[in-house]
Amino acid sequence: MKYIQYKRVIEREHKKSLKKVMYRTCVEEHLNANDGAKKLGIAKELFVYWRHYYRFNKKQLLFDEIANGLTISKNHYLIDLKNLDLKSPSSFEQKSRLMA
């Protein structure tokens with residue numbers, strides 16, 4: 001059988017999309033390639049391919065989480081930058097005027 005045929009069989013058996021089945025197997029149940037393939041009744045090679053395709057490998061999940069965090073941080077800095085008033089004197093300038 002081809003990958004697409006296996007995909008249809010898995011989706012029909014579990015009544016969920018393949019991505020949801022793989023998420024439950026890889027992320028929620030923390031099954032490795034051998035155990036996950038046995039549970040789904042497919043070849044290990046196919047399980048590894050799908051896990052990589054949907055980015056459910058541990059290192060891929062970690063990278064995606066870090067990248068998402070950086071994007072969120074970047075957006076916070078951009079919002080703060082937009083709210084910054086460059087025309088008003090800074091606190092350093094105010095202190096130096098008081099000292100003089």
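Quick note: the coordinates plus some simple rules give every number you see, no bench work behind them. Since the structure is predicted, the reported quantities are computational estimates derived from the model, not experimental observations. Every residue, glycine as well, gets a Cβ built from its backbone with ideal geometry; the counts of neighbours run over all protein chains shown.
Output the 0 to 90 degree angle, nearest 10, between the alpha-carbon long axis of helix 44-53 and the longest principal axis computed from the alpha carbons of the chain.
30
Among LEU61, LEU31, LEU78, which one moves the most in a GNM of the chain with springs linking Cα atoms closer than 10 Å?
Per the Cα network of the chain with a 10 Å cutoff, LEU78 tops the list.
In debye, nearest 20: dipole of the chain around its Cα centre with unit charges on the Cβ of K, R (+) and D, E (-)? List each step's numbers first, then the result.
Values: 21 positive and 11 negative charges, 96 e Å.
Dipole size: approximately 460 debye.
Taking the 0 to 90 degree range and rounding to the nearest ten, how far is the long axis of helix 58-83 tilted relative to the main principal axis of the chain, both from C-alpha atoms?
Compared with the principal axis, the helix lies near 30 degrees.
Which GluC sites (Glu not before Pro) does the range 16-60 hold that lie in a coil by DSSP with at most 16 other beta carbons within 10 Å? All intermediate terms of the calculation are to be shown ahead of the outcome.
Numbers: sites: GLU28, GLU29, GLU45; in loops: GLU29.
Those satisfying the criteria are GLU29.
For ASP80 and GLN5 in the same chain, what is the full-extension length gain: residue separation times 0.36 nm, less their Cα-Cα distance, in nm? Mind dumping the intermediate values first?
Values: separation 75, 0.36 × 75 = 27.00 nm, distance 5.04 nm.
Additional length available on full extension: 22.0 nm.
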